[in-house]
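Have a look at the structure below, then the notes.
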Amino acid sequence: MDRSNKEREGIALTSIKPPGNELARSSKQPDPISSSLTENLRRIESIYSACDDLTILPWRYGPDLEHTAFSVYFETLVQQKEFNYMKKSLQDLVTHEVGPGTTISPESVMAFFEHNGVSAQSHQLVDNFEQVVDNVADGHLLIFFNHWDKALSYKAARLETRQVTEAVSEPVVKGPREGTVEHLDKNIGMLRSRLKSPRFKIVTFSIKGETNTKVAYGYLDGIVNTDMLAEFQRRIGKLEEGEILETSYIEELIEDSTYSPFPQFRYTERPDTAVAALLDGKIIVLADGSGSIMICPGLFVEFLQSSEDYYQRTVYSSLIRFLRIIACLIALLLPSIYIALSTFHPELIPTILLLTIIDTREGIPFPAIIEAVVMEFFFELLREAGIRLPRPVGGAVSIVGALVIGESAMRAGIASPMMIIIVALTGIASFSLPQYNFAIALRVLRFPLMLSAALLGGYGLMIALILIWLHLINLRVLGQPYLSPVGPFRPKQWRDVIVRAPLKTLFQSLRYPSVRKRTNQLRRLAGKE
């Protein structure tokens, strides 16, 4: 801390207490700011002991510079150090340069700012040390005056953040290319610039803890389901304390089924996708320091859709969705079907293909299940290695590793060419799914399905699929059925499930659905009366 010339400036420094936050977060009543400047300085030094990046600057003002004040801020957060906030504050009280400031007194300072005098800089008044700690941590500069039990807080943070670039996890061929960043205000601004309706509501709050993370959620009033919104607000309201570093932390804290392999919320790094979700009646969640926007709820069919579907022609978008559905089935079932057919039901395989499979498996010392598990394990290992390695070498290592291991496994007689083809097709199919967390769910379920097929063949595979289907039927997300509109069956919403209907049809059926429903109800009631 900068304590130079404090004795000369007339502010008596007291001894610093041992490290430890004097501010009790568990106390119900916040600790008020004292009217004694020396006491406030002692509290600041005690709270921020051993914080070398904290700066405390003393000031003098008034007739003969007899009144004292001091500013406090984190040097690592405040980048506008050349701006004199103290001088600017005092100039608000007079129409000329402050100079000796013979007309300024603590009473005039208090009267001006407590009665909302017009200030050249946007400020806020804080009256307790809990607000002081929060504001200093947010990059504010606070000024304490003598004989005043409040402090002036100016937002002075100017941190260097990542610039808006194309979303890394959601590349597009056609469509907007801007992606979210790790700054909450920037992300909300990008959403506001796209969705200019006053119906767009944003609620911001802080989750108390050591991180004191700022969280925001938004929805479109009149379109969002009110019951779903009430349930979401009830759950998010329970998050009073906790260490939130990313929006995925919030997902696990508010989701319905923690142990379900299926994701119940979607993520996006694209503002256009988030705005489309809002128009569809969804709730979005953002957290400061996170570049991902969480979309609530995430239904099963939505994980097979992409925002780029609406930027292409209807026929092409529908074809791509068919391919995704087929890829989903391949990623989940292809190894299990191969194991069941080759082990229990060879009569279902065409004769020529069966002879080829038998010929390629000749000399393989393992049954099909062991062969599949080993190859899937190495494929998943290569996939994780490609993700964790530096980007310039990650892709090359994955490709070279797959080629070398596949060729070596065939030459060593550990795996058959047919199994290598099946594992490769399964991996390619999982890469074609738009949502990464949904692809992970299929990767997790693939292994128990292979085990079921190895134990009971097609019968065991059917039992496992029925159990998965029953789980999906019973799964709820914020009170909404996970399989909607497939189950319960809602034919009017099938315009955007398997095929993507023309935009004219979607606009007529999906625009303000809750308002249209309410209008129809009122018309029916009026007819009955």
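The values are calculated or read from the model by the stated rules, or taken from the named source; none is laboratory data. Predicted, not measured: the structure shown is a model, and the values here were computed from it. Heads up, the Cβs are rebuilt from the backbone with ideal geometry, glycines too, and the neighbour counts pull from every protein chain shown. Remember, those area values only see protein heavy atoms, side chains included, never the ligands or the DNA or RNA. Shrake-Rupley method; radii C 1.70, N 1.55, O 1.52, S 1.80 Å.
A quick yes/no check of all residues on (1) polar (S, T, N, Q); (2) open to solvent by 50 Å² or more (accessible area, probe 1.4 Å); (3) at pLDDT below 75; (4) not in a strand (DSSP E or B):
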{"position": "Leu23", "(1), (2), (3), (4)": "no, no, yes, yes"}
{"position": "Pro30", "(1), (2), (3), (4)": "no, yes, no, yes"}
{"position": "Asn40", "(1), (2), (3), (4)": "yes, no, no, yes"}
{"position": "Tyr73", "(1), (2), (3), (4)": "no, no, no, no"}
{"position": "Lys81", "(1), (2), (3), (4)": "no, yes, yes, yes"}
{"position": "Met86", "(1), (2), (3), (4)": "no, no, yes, yes"}
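For the condition at pLDDT below 90 and either buried (at least 17 other Cβ atoms within 10 Å of the Cβ) or touching a helix residue (DSSP H, G or I) at 6+ places or on another chain (Cβ under 9 Å) (or both), what is the one hit in Ala327, Ala385? Can you show your working first?
On the way: Ala327 fails: at pLDDT below 90.
After applying the criteria, what remains is Ala385.
Taking the criterion of being closer than 17 Å to Val477 by Cβ, open to solvent by 20 Å² or more (accessible area, probe 1.4 Å) and in contact (Cβ under 8 Å) with a residue 40 or more places away in the chain, the residues of the range 236-276 that qualify are Ser248, Glu251, Glu255, Asp256, Ser257, Pro261, Arg266, Tyr267.
Of all residues in the range 410-418, at least one satisfies being loosely packed, with under 12 Cβ neighbours inside 10 Å and modelled with pLDDT under 85.
Name every residue in the range 476-503 that is part of a loop (DSSP other than H, G, I, E, B) and touching a strand residue (DSSP E or B) at 6+ places or on another chain (Cβ under 8 Å), in order of residue number. Quick ask: steps written out before the conclusion?
Pass one, the range 476-503, residues part of a loop (DSSP other than H, G, I, E, B): 478-479, 482-490, 497-499, 501-502.
Listed by number, the residues that qualify are Leu478, Tyr482, Gly487, Pro488.
Checking each residue in the range 150-189 for being small (Gly, Ala, Ser), surrounded by 16 or more Cβ atoms within 10 Å (Cβ to Cβ) and at pLDDT 85 or above picks out Ala151, Ser153, Gly179.
For the range 191-202, the count of residues that are within 21 Å of Arg177 (Cα to Cα) and within 15 Å of the chain's Cα centre (by Cα) is at least one. Only residues that are surrounded by fewer than 17 Cβ atoms within 10 Å (Cβ to Cβ) and in contact with a helix residue (DSSP H, G or I) (Cβ under 8 Å, 6 or more places away or on another chain) were counted across the range 498-508, and they come to 6. Of the strands (runs of 3 or more DSSP E) lying entirely inside the range 227-318, the ones with 1 or more residues being within 18 Å of the chain's Cα centre (by Cα) and of a type in the set (D, E, K, R) are found at 266-268. Farther than 16 Å from Ser432 by Cβ, in contact (Cβ under 8 Å) with a residue 12 or more places away in the chain, in a loop (DSSP other than H, G, I, E, B) and open to solvent by less than 60 Å² (accessible area, probe 1.4 Å): is that true of Ile357 in this structure? Considered against the rule, which asks whether it is farther than 16 Å from Ser432 by Cβ, in contact (Cβ under 8 Å) with a residue 12 or more places away in the chain, in a loop (DSSP other than H, G, I, E, B) and open to solvent by less than 60 Å² (accessible area, probe 1.4 Å), Ile357 comes out as no.
Does Leu461 satisfy being in contact with a Phe, Trp or Tyr (Cβ under 9 Å, 6 or more places away or on another chain) and either among the charged types (D, E, K, R) or surrounded by 14 or more Cβ atoms within 10 Å (Cβ to Cβ) (or both)? So Leu461 does not fit the description; no. Checking the structure you have, find out if any residue of the range 118-140 is assigned to a loop (DSSP other than H, G, I, E, B), among the polar types (S, T, N, Q), touching a helix residue (DSSP H, G or I) at 6+ places or on another chain (Cβ under 8 Å) and open to solvent by less than 70 Å² (accessible area, probe 1.4 Å). There is at least one residue in the range 118-140 that is assigned to a loop (DSSP other than H, G, I, E, B), among the polar types (S, T, N, Q), touching a helix residue (DSSP H, G or I) at 6+ places or on another chain (Cβ under 8 Å) and open to solvent by less than 70 Å² (accessible area, probe 1.4 Å).
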